[in-house]
Amino acid sequence: MHEKSITTLEYPKIIARLADHCAFSASRALVQELQPSDDAGMVRHRLALTTEARKLLDQRPDVGVRAARDVRPHVLLAQRSAMLLPEQLIDIQMTMRSAAFLNRLLGRLDESYPLLRRLGADLPTRPTLDAHIEAAITDDGTVRDTASPQLHTLRNQIRLAQQRLQDRLNNLVNEFRSALQENLITMREGRYVLPVRSEARGQVRGIIHDQSASGATVFIEPLVIVEMNNKLRELEMEERREVERILTALSAEVGADAPYLLLAVELLAEIDLQFAKARYSQAIKGNAPAINEQGIVKLVDARHPLLTGKVVPLNFRLGEDFAMVVITGPNTGGKTVALKTVGLLALMAQAGLHIPADERSIMPIYRDVLADIGDEQSIEQSLSTFSSHLTRIIEILTLAGPRTLVLLDELGAGTDPSEGSALARAILLTLLERGVACVATTHYSELKAFAHEQAGVTNASVEFDVETLSPTYRLSIGIPGRSNALAIAARLGLPAGIIDRARGMADVASATMEQLLAEIQQERKVAADERYEASMVRAAAEDERRAMQARLTELEAERTEIERERVQILNAAREEARKQIQQIRSDLGRIRAQAGKGEISEDALTALRAKLRGVEERAEPLAEPAKPRPVRTKRERTPAATVSDDEQHVIAGDPQVGDPVRVASLGQIGELLGLPDGRGEAEVQIGALKLRVPVSDLERLSRRKARTEERFYSALPSLLERAIPDEQLDLRGQRAEEVFDHVDRYLNDAYMGGLQRVRIVHGKGTGALRQVVRTQLSHHPLVQSFATPPEKEGGEGVTEVVLAH
C-alpha cells in the first residue's frame with residue numbers, strides 16, 4: 001500500500017487507538033505491524049478472527065491474556081545460561097499461567113469459534129516449570145525458605161545469629177549509655193554498630209565504620225561483637241550462594257523450555273491482538289463488512305471512526321452501475337470527510353478491522369489506495385498549491401490501475417478555472433479508461449456535466465440548508481451539488497441590486513444548470529415528503545393489521561379454551577359411563593353365577609336388562625373420546641345434511657340377510673343369517689353361536705348402532721343357558737384341525753363371562769398345535785395380546801391370553 005496515502009487517510013491514528021486496547025507489549029508490536037492486505041483470503045481470515053473475538057467478548061467481557069508479559073528477552077538470556085532474577089521468573093510464570101488459562105478457555109468453546117479454538121489448542125503449557133517456580137519463589141519475588149533444605153537451614157542459623165547479636169548489642173547499649181549519641185543499634189557496611197559521641201569514642205573499644213556529616217557522631221563496631229558480626233556475614237554469604245544456585249537451576253529449566261515459551265508469547269500476542277480488535281470494534285460499534293472481489297463498495301450508515309459527537313452517517317456506493325463518483329457542494333459541507341471515510345474504511349477492512357457501519361455494508365479488495373487530499377504547499381521546494389497537487393497526481397497516475405482506489409480532493413483547483421476543469425476532466429477520463437475506481441471532489445460546473453454525460457461516472461452532492469446557512473452533511477448519489485453562493489449572499493444581507501447584477505453577469509449555462517439543480521432538489525424534496533407520508537400510511541395500516549391479528553389470536557385462544565373445557569366435560573362423562581358399564585358387567589357375572597345355580601328370577605333378569613339398556617342409551621354418544629372440533633370459516637360451512645340410514649339408531653322395516661340385529665330377550669347383537677321360516681323363526685349368529693329366534697324378538701339396527709353396542713355388550717351369552725367357563729382350556733390330545741372351533745367358542749364364552757386372562761394348554765410336542773393356536777390368536781378380535789409364561793408355569797406348552805375388554 002502507498003505509505004503517504006495511508007498517512008493522509010489517518011490510518012496510523014487508527015493503529016494508535018487499536019494499540020491502546022492491547023494488554024502487553026508483544027501484541028502492541030503486532031498492532032504496529034498491522035497493514036492492509038490485498039489478499040482476499042487473508043482479509044476474510046482476519047475479519048473472521050475479529051468477529052469471533054467480538055462475539056466472545058460480548059458474552060465474556062473479562063476474557064483476555066491476563067498478566068502475560070513479553071518474556072522473550074528473559075528466555076533468551078536463560079538460553080545463554082544466564083541467571084534470571086526472581087522478578088523475571090515470576091513474569092515467566094504468570095505468562096505461562098495465562099497460556100494455560102486460554103488453552104482451557106478457548107478449547108471449551110463451541111463450533112462457532114473454529115479460529116480461536118485452533119489458536120488456543122496451539123498454546124503450549126508447561127505445568128512442571130510453573131510448579132517449580134511456585135515452590136521456590138513468592139509472589140513478591142523473594143526466594144522461599146523451603147526452596148531447598150540447605151537454604152532452610154542457613155536462614156534458621158541467620159535468624160539465630162541475628163537474635164544473639166541483637167541481645168549482645170542491647171546489653172552494650174545499656175553499658176555505654178553515657179557515651180552514645182542515641183540509644184539505638186544501626187548498621188554500616190552490612191555490620192551492626194553503635195552511634196557514639198565523638199568526644200566519648202575512647203570509652204568504646206572497637207572498629208570505626210563511619211562518621212556523621214557534622215562529625216559529632218562516629219559509628220563503632222564494638223570489639224566484643226566483631227566475631228559475632230563475622231559469623232553472621234559468613235552465613236549471609238552462604239545463603240546468597242544457595243539462592244543463586246536455586247535461581248540458576250530454575251533459569252536452566254527456562255532455557256530448556258525456551259522454544260515452548262517463545263511460541264507461547266507469540267500466540268498470546270496474536271490472541272491479544274484479536275481481543276484488541278474486538279474491543280476497538282465495540283468502541284466504534286463496528287461490524288464486519290461482506291468482502292467481494294468485484295470492486296463493489298456499499299457503505300450503509302457509515303461513520304468516520306475518528307469523528308466524535310453527533311455524526312451524520314454516510315451512505316455510499318460504487319462499482320456496480322458506475323466506477324467513478326464526482327462529489328460537489330459547498331465548502332465545509334462534508335465532501336472531504338466523505339472522501340476520507342471511503343478510503344479509511346477500505347484500509348480498515350483490508351487490515352481485518354470491523355468498520356463503523358451497518359452489517360449490510362460491502363467492501364472490495366483493492367491492490368492499492370491512492371489519495372491526494374489537503375493542501376501540501378511546499379515553501380522549501382518552491383511549489384504552489386496547484387504544483388503540489390499536480391506532483392501527487394502525477395505519482396498517482398503512475399501507480400493507478402485495475403483494483404486501485406483513487407481519492408482526489410478539489411481536483412483541478414489552484415489555477416485558472418477553465419484550464420483546471422479541462423485538466424480535471426482529462427485526468428478522470430484517463431483513470432476511467434484504466435478501470436480505476438475513483439472518488440473526486442470539485443467545485444467546477446463542467447465536471448458536473450462531465451459526470452452527468454459520461455458513462456460509468458455519476459454525480460453526488462453534499463446537501464446545504466440555505467435557510468440555516470449550514471451544511472446537512474448528507475451525501476446524495478446521482479445529484480450534483482449547487483454552489484449556493486448567491487443564495488447565501490442574499491441570506492446574509494447583500495443588497496438585492498448587487499445580487500441581481502451578479503446573476504446577470506453569471507454564465508448563462510451555469511445559471512441554467514443551477515436552476516435545473518434547484519428544480520431537481522425541490523422535486524426530490526417533494527418525493528421524499530410523499531415517501532414519508534406513504535410510509536406513515538403503511539405504518540398505520542400495519543398497526544391496524546397487527547391489532548386485528550392480536551384480536552384474532554385472542555379470540556382463537558378463547559375458543560381453544562372453551563373447546564378444551566368441552567372435551568374435558570365429555571371425557572369425564574364418558575369415564576363415568578365406562579365405570580357404570582364396568583359395574584354392570586360385574587353384576588352380570590355375579591347374576592350369571594346365580595342363574596347357573598337357579599338362584600335368580602326372571603323378573604330380576606328383566607330389571608337388569610332394562611338397566612343395561614338405559615346405560616347403553618346414555619353411553620352411546622360418549623362411546624368415542626371427545627376431540628376438539630376443527631374451526632371452519634364461513635366458506636367451509638355447509639347446510640346440515642339429512643341423516644342416512646347408517647346414522648340412525650333403529651331402522652324401520654323387516655330385517656334383511658346380513659343386517660345387524662338385536663335379540664331383545666337376550667340383550668345381544670348379532671347378524672341375520674336367514675329369513676324367517678314357516679314358524680316365524682329366523683337364523684341369527686351371535687359370535688360363534690348360531691340360533692333360531694322369533695322375528696318378533698329381533699330389532700333391526702344401523703351398523704353404527706350395532707358397533708356402539710358391541711363395544712360394550714357384544715357377545716354376551718344367555719344368562720340362563722351359559723355358565724362361567726374355566727380360566728384354562730386344555731387342548732392336549734386334539735388334532736390341529738379340530739381346535740379352531742373349540743378355541744373360538746372358548747374365547748367367546750370367556751369374554752362373555754367377564755374373564756380378563758385365560759390360559760390355553762396345548763403341550764410342547766412338535767409345536768404344530770402351538771403354532772395353529774397362536775396363529776388363530778393373532779387374528780382373533782377378542783384377543784388383546786398373548787405371551788409364553790415362565791417355564792415353571794408351563795413355558796412353551798402354554799399360551800397366556802389377555803382378552804380385549
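Ranking S388, S212 from most to least accessible surface, computed with a 1.4 Å probe over the protein chains only, gives S212, S388.
Rounded, prolate or oblate: which one fits the range 388-481, using the alpha carbon gyration tensor with axes a ≥ b ≥ c (rounded when a/c is under 1.5, else prolate when a/b beats b/c, else oblate)?
On the way: a/c = 1.86, a/b = 1.54, b/c = 1.21.
Prolate, because a/c is 1.5 or more and a/b exceeds b/c.
Of the GluC sites (Glu not before Pro) found in the range 80-183, the ones in coil according to DSSP and having at most 14 other Cβ atoms within 10 Å of their Cβ are E111, E182.
Taking a probe of 1.4 Å, how large is the accessible area per residue of the range 1-112, in Å²? All intermediate terms of the calculation are to be shown ahead of the outcome.
Numbers: 5420 Å² over 112 residues.
Accessible area per residue, the range 1-112: 48 Å².
Please give the FRET efficiency for R491 paired with D358, using the beta carbon to beta carbon distance and R0 = 35 Å, rounded to the nearest 0.05.
Working: r = 35 Å, r/R0 = 1.01.
With a Förster radius of 35 Å, E is 0.50.
The 1.4 Å probe gives accessible areas that order K764, K277, K792, largest first, as K792, K764, K277.
Please label the shape of the range 1-51 as rounded, prolate or oblate, based on the square roots a ≥ b ≥ c of the eigenvalues of the alpha-carbon gyration tensor (a/c under 1.5 means rounded; beyond that, a/b larger than b/c means prolate, else oblate).
Since a/c reaches 1.5 but b/c is at least a/b, the shape of the range 1-51 is classed as oblate.
Could you rank M505, M1 by how accessible they are, 1.4 Å probe, largest area first? Could you put the intermediate results ahead of the total?
Working: M505 150, M1 65 Å².
Sorted descending by solvent-accessible area, the residues read M505, M1.
For a 27 Å ceiling on Cα separation, which of these pairs sit above it: K4/K335; K13/K448; K298/K340; K55/K335? Listed pairs above 27 Å: K13/K448; K55/K335. When the surface is traced with a 1.4 Å probe over the full set of protein chains, F176 keeps roughly 40 Å² accessible. Between Q32 and T153, the C-beta separation translates, for a Förster distance of 41 Å, into a calculated FRET efficiency of about 0.20.
Which log10 I(q)/I(0) values, to two decimals, does the range 40-80 give at q = 0.15, 0.24, 0.35 Å⁻¹ under the Debye formula with one point per Cα? Debye curve over Cα of the range 40-80, log10 I(q)/I(0) at q = 0.15, 0.24, 0.35 Å⁻¹: -0.63, -0.79, -1.05.
Using the Cβ-Cβ distance between R531 and S418 with R0 = 41 Å, the FRET efficiency computed as 1/(1 + (r/R0)^6) comes to roughly 0.55.
Name the shape class, rounded, prolate or oblate, that the alpha-carbon gyration tensor gives for the range 42-178, where a ≥ b ≥ c are the square roots of its eigenvalues, rounded holds for a/c under 1.5, and otherwise prolate holds if a/b is larger than b/c and oblate otherwise. Mind showing how you got there, number by number?
Numbers: a/c = 3.75, a/b = 3.07, b/c = 1.22.
Note, shape of the range 42-178 comes out prolate.
The values are calculated or read from the model by the stated rules, or taken from the named source; none is laboratory data. Everything quoted here is computed from the prediction, not taken from an experiment. All Cβ positions, glycine included, derive from the backbone under ideal geometry; neighbour counts span all protein chains shown. The accessibility values were calculated without ligands, DNA or RNA, using every heavy atom of the protein model including side chains. Shrake-Rupley method; radii C 1.70, N 1.55, O 1.52, S 1.80 Å.
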